[in-house]
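Pasting a structure here, questions to come.
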Amino acid sequence: MNRNFTVDVMVGLFVILGFCALAFLALRAGNMSGAVGLADVYEIRAKFDNIGGLKPRAAVRSAGVVVGRVTGIRFDDKTYQAEVTLAMDGRYKFPKDSSAKIMTSGLLGEQYLGIEPGGDTVLLEKGGVIKMTQSAVVLENLIGQFLYGKAAEGEKK
């Protein structure tokens, strides 16, 4: 009886460890593991005409390195634009004239926000705004433009 109890406890611990590993992987795959992971974070904002499928907790990357996370998305009813709030890692400071664009990893992959540093000597501070932005490329719009262009070519012949 004592040997069966030990085997049961070991199997139980193995199952619990497996569930913990699955939960960890699910959080990492879903970008749910926190804003940046550090206490030193500053927030900045950027406005876009179209954010496509950008979601909160999406990565903010510069030169392929994750430098922050998207913490909030809201619609500004005065400018009719989407305002995106970013939590930036305090180790990385960007010039005030930096630009932001919404990019896609892979052909139909997840979207993230890419930051291109500018050349200004003044840096973005807490509450700063990135003024130069480029909206997401929406695949449906590209297909529609392509088909419209082909239809117009057909009418000219």
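Just for region 104-152: of the residues that are closer than 22 Å to GLY53 by Cβ and among the small types (Gly, Ala, Ser), which one is surrounded by the fewest Cβ atoms within 10 Å (Cβ to Cβ)? Quick ask: steps written out before the conclusion?
Taking region 104-152 and keeping what is closer than 22 Å to GLY53 by Cβ, we get 104-116, 130, 132-147.
Now narrow it down to the ones that are among the small types (Gly, Ala, Ser): 105-106, 109, 114, 135-136, 144.
Working: SER105: 11, GLY106: 6, GLY109: 10, GLY114: 17, SER135: 16, ALA136: 20, GLY144: 11.
Only one residue tops the list, namely GLY106.
Residue by residue, here is whether (1) modelled with pLDDT of 90 or more; (2) part of a helix (DSSP H, G or I); (3) among the acidic types (Asp, Glu); (4) under 15 Å from ILE115 (Cβ atoms) holds:
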| position | (1), (2), (3), (4) |
| --- | --- |
| ALA23 | no, yes, no, no |
| ALA35 | no, no, no, no |
| GLU43 | yes, no, yes, yes |
| GLY52 | no, no, no, no |
| ARG69 | yes, no, no, yes |
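Same structure again: Within region 69-83, track down each residue that is open to solvent by less than 70 Å² (accessible area, probe 1.4 Å) and either of a type in the set (Ser, Thr, Tyr) or on the phi > 0 side of the Ramachandran plot (or both).
Quick first cut of region 69-83, residues open to solvent by less than 70 Å² (accessible area, probe 1.4 Å) only: 69-73, 76, 79, 81-83.
Result: THR71, THR79.
For region 78-93, what are the residues that are more than 15 Å from ILE51 (Cα to Cα) and not in a strand (DSSP E or B)?
Let us first name the residues in region 78-93 that are more than 15 Å from ILE51 (Cα to Cα), namely 78, 87-93.
Answer for region 78-93, where residues must be more than 15 Å from ILE51 (Cα to Cα) and not in a strand (DSSP E or B): LYS78, GLY90, ARG91, TYR92, LYS93.
So which residues in region 54-67 are open to solvent by less than 40 Å² (accessible area, probe 1.4 Å) and either touching a helix residue (DSSP H, G or I) at 6+ places or on another chain (Cβ under 7 Å) or not in a loop (DSSP other than H, G, I, E, B) (or both), if there are any at all? Full working, then the answer.
Quick first cut of region 54-67, residues open to solvent by less than 40 Å² (accessible area, probe 1.4 Å) only: 54, 58-60, 62, 67.
Those that are open to solvent by less than 40 Å² (accessible area, probe 1.4 Å) and either touching a helix residue (DSSP H, G or I) at 6+ places or on another chain (Cβ under 7 Å) or not in a loop (DSSP other than H, G, I, E, B) (or both): ALA59, VAL60, SER62, VAL67.
So which of LYS101, LYS93 is free of Cβ contacts under 8 Å to residues at least 60 places away in the same chain, of a type in the set (Lys, Arg) and either within 26 Å of LEU139 (Cα to Cα) or open to solvent by less than 70 Å² (accessible area, probe 1.4 Å) (or both)?
Details: LYS93 fails: either within 26 Å of LEU139 (Cα to Cα) or open to solvent by less than 70 Å² (accessible area, probe 1.4 Å) (or both).
Result: LYS101 is the single residue among LYS101, LYS93 that is free of Cβ contacts under 8 Å to residues at least 60 places away in the same chain, of a type in the set (Lys, Arg) and either within 26 Å of LEU139 (Cα to Cα) or open to solvent by less than 70 Å² (accessible area, probe 1.4 Å) (or both).
The values are calculated or read from the model by the stated rules, or taken from the named source; none is laboratory data. Everything quoted here is computed from the prediction, not taken from an experiment. Glycine gets a Cβ as well: all are built from the backbone with ideal geometry, and neighbour counts include every protein chain shown. For the accessible areas, the whole protein counts, side chains as well, though only heavy atoms, and no ligand, DNA or RNA atoms are used. Shrake-Rupley method; radii C 1.70, N 1.55, O 1.52, S 1.80 Å.
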